[in-house]
Amino acid sequence: MRCRWTLAALLLATMALGWPATAGATQTVKLSAGFSPYRLGKSTTLKLGLEIGVAGTSDGLPSPVTRFEMHIPANLELIGSSLGLSICHPTALLANGSEGCPTDARLGFGSAQIKVPVGPEPVTELASIEAEMGPPVGEEIGVLLYAEAGSPVAAQLIFPGVLFGGASQSLSTSVPLIPSLPGAPDISMVSMKLSLGPEGLTYFKTVHGRTVGYHPEGVALPGRCPRGGFRFAADLAFADGTTASASSTVPCPASVRH
Amino acid sequence: MGSKMKGMGDGGGLLHGLQGAMRRRMWLMIPAATLGVIAAVVPSAPAHNGPSAVAAKTLVFNVNSNLRLVGRPGHVLNEKGTFTGSQSGTIAIRFTSVTSTSGGATFAAYSSGGSISGSTTTKGHVVGAKVYFTGVMSVTGGTGRYAHASGRNLQFSGVVDRRTFHATTHMQGSFHL
């Protein structure tokens, strides 16, 4: 009974404040993928982008993402790279941010655009994201996505992920619901950009007693482009129970296109 | 990924270079009775005179190898180094991939008496800088006194350090000569 009352009150409050009604709306997802630099057989940085919207509207508020799974071509493997040489522990990451982790645990970085439902128009906020090598999850690679936002909602969050290897390689990440204001809907993510690789990363090592910075080796592209190009896909689950998928292909370089 | 395995010891650049150096080495056959590692060439046929006198021989081995990366790290890791244990010599391993579900490598080991080559299928996992792998190995051929070497389901395990790309491996089992 009390629960029913609370839900009714929340619904009324939401309607009074004029938040966009997105319950039951269909979420849309657009995925982009690319390599920088793009040279077969060489180390690269993987660039991924997600855009989330609501079907039929250009500025609708999508339901919060609760999980995303990024499918990565199987022939991009970590073994030949020197990314994520150390392990970052979630407790250190939460306590001190990315500075609490060894620099050579960093796998990449990015940003997310989130919408905070305050007032009739949701406020857009930018959060920074850092990807760190986490403790292994069973026999798989643990990846921690650390997101930090400032205003109007200040939050530091860890999205724990697992990089599954093999023929169906994927990065699977749980996203916790992020509360905004008391009684208001949770924060929604509308876009995310993630760069995984040496671009913009500096590791340090000791050479003859001196600390020297260097760029780690990124994931190596295979010497041959797979037929049809490098295929990426994303599967997202939303708090309203719906799911959405998207795919993107990085075409083979013009000189080797099949 | 396992399908990317390719035979070694076929005159490829890395292995061809190693072969010359290897010919100067001897495989040390150490009596198993005096060492924990077992090394013996034993007849698999009963030790009596009779119609089954044509005895296929079995080489039991248990070796550890230390390897260094040749060239740059990348999609394929070419490693070369030495192995010691029940036998010794030099070895080249080409890792094509090591993932939690599948992976592969090919290898060629050389001695003054000849060489053996083969392939492995592996499963591995990454813990920070280390990549641990285990798998099974097949001996698919050889040269010299090992020209007819063959064997399956031999044990193969090891670690690749992604800071230096040094690798250590352990190989154990027996194969037919």
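Which is in a strand (DSSP E or B), touching a helix residue (DSSP H, G or I) at 6+ places or on another chain (Cβ under 8 Å), under 28 Å from A:LYS42 (Cβ atoms) and of a type in the set (Ser, Thr, Tyr), of B:THR106, B:THR96, B:THR90?
B:THR96
Specify which of the listed residues (A:LEU93, A:LEU76, A:LEU107) is of a type in the set (A, V, I, L, M) and away from chain B (no Cβ under 12 Å).
A:LEU93
Hey, among A:THR45, A:THR14, which residue is modelled with pLDDT under 85 and of a type in the set (Val, Ile, Thr)?
Going through A:THR45, A:THR14 in turn, the sole match is A:THR14.
Considering the stretch B:151-177 alone, what residues qualify as being in a loop (DSSP other than H, G, I, E, B) and either under 11 Å from the mean Cα position of the chain (by Cα) or away from chain A (no Cβ under 14 Å) (or both)?
Within the stretch B:151-177, B:LEU177 is the sole residue that qualifies.
Given the structure, is A:ILE178 of a type outside the set (D, E, K, R), within 28 Å of A:PRO117 (Cα to Cα) and part of a loop (DSSP other than H, G, I, E, B)?
Against the criterion (of a type outside the set (D, E, K, R), within 28 Å of A:PRO117 (Cα to Cα) and part of a loop (DSSP other than H, G, I, E, B)), A:ILE178 qualifies.
Somewhere in the stretch B:133-146, is a residue assigned to a loop (DSSP other than H, G, I, E, B) and charged (D, E, K, R)?
yes
Restrict the check to the stretch B:68-82 and report whether at least one residue is free of Cβ contacts under 8 Å to residues at least 60 places away in the same chain and in contact with a helix residue (DSSP H, G or I) (Cβ under 8 Å, 6 or more places away or on another chain).
yes
Which numbered condition in (1) crowded, with 17+ Cβ neighbours inside 10 Å; (2) touching a residue at least 40 places away in the same chain (Cβ under 8 Å) is the only one that A:CYS252 fails?
(2)
Looking at the stretch A:182-209 only, could you name the residues that are in a loop (DSSP other than H, G, I, E, B) and either touching a helix residue (DSSP H, G or I) at 6+ places or on another chain (Cβ under 9 Å) or at pLDDT 90 or above (or both)?
A:GLY183, A:ALA184, A:PRO185, A:GLY197, A:PRO198, A:GLU199, A:GLY200, A:LEU201, A:THR202, A:HIS208, A:GLY209
Residue by residue, here is whether (1) closer than 15 Å to A:GLU148 by Cα; (2) open to solvent by 20 Å² or more (accessible area, probe 1.4 Å); (3) touching a His at 6+ places or on another chain (Cβ under 7 Å); (4) without any contact (Cβ under 8 Å) to a residue 40 or more places away in the chain holds:
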position	(1), (2), (3), (4)
A:LEU78	no, yes, no, no
A:GLY84	no, no, no, no
A:ALA92	yes, yes, no, yes
A:GLY97	yes, no, no, no
A:ARG106	no, yes, no, no
A:PHE109	yes, yes, no, no
A:GLY119	no, yes, no, no
A:PRO122	no, yes, no, no
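Answer yes or no: is there a residue in the stretch A:124-143 that is of a type in the set (Val, Ile, Thr), surrounded by 20 or more Cβ atoms within 10 Å (Cβ to Cβ), within 14 Å of another protein chain (Cβ to nearest Cβ) and in contact (Cβ under 8 Å) with a residue 24 or more places away in the chain.
Yes, the stretch A:124-143 contains at least one residue that is of a type in the set (Val, Ile, Thr), surrounded by 20 or more Cβ atoms within 10 Å (Cβ to Cβ), within 14 Å of another protein chain (Cβ to nearest Cβ) and in contact (Cβ under 8 Å) with a residue 24 or more places away in the chain.
Pick from the stretch A:162-205 the residues that are within 14 Å of another protein chain (Cβ to nearest Cβ), surrounded by 15 or more Cβ atoms within 10 Å (Cβ to Cβ) and among the small types (Gly, Ala, Ser): which of them is farthest from A:ASP240 (Cα to Cα)?
Top of the filtered list is A:GLY197.
Restricted to the stretch B:130-150, and to residues that are surrounded by fewer than 19 Cβ atoms within 10 Å (Cβ to Cβ) and within 13 Å of another protein chain (Cβ to nearest Cβ), which residue is farthest from A:GLU132 (Cα to Cα)?
B:THR134
Output the residues belonging to the stretch A:104-121 that are among the β-branched types (Val, Ile, Thr) and in contact with a strand residue (DSSP E or B) (Cβ under 9 Å, 6 or more places away or on another chain).
Of everything in the stretch A:104-121, those that are among the β-branched types (Val, Ile, Thr) and in contact with a strand residue (DSSP E or B) (Cβ under 9 Å, 6 or more places away or on another chain) turn out to be A:ILE114, A:VAL116.
Filtering the stretch B:100-125 down to residues that are closer than 25 Å to B:GLY74 by Cα and open to solvent by 10 Å² or more (accessible area, probe 1.4 Å), which residue is farthest from the other protein chains (Cβ to nearest Cβ)?
B:SER117
Within the stretch B:68-87, can you find the residues that are within 18 Å of B:SER111 (Cβ to Cβ) and surrounded by 20 or more Cβ atoms within 10 Å (Cβ to Cβ)?
B:LYS80, B:PHE83, B:GLY85, B:SER86, B:GLN87
The values are calculated or read from the model by the stated rules, or taken from the named source; none is laboratory data. None of these values were measured; they are calculated from a predicted model. Quick reminder, even Gly has a Cβ in these numbers, built from the backbone with ideal geometry, and neighbours come from all protein chains shown. Ligands, DNA and RNA are excluded from the accessible area calculation, which covers all protein heavy atoms including side chains. Shrake-Rupley method; radii C 1.70, N 1.55, O 1.52, S 1.80 Å.
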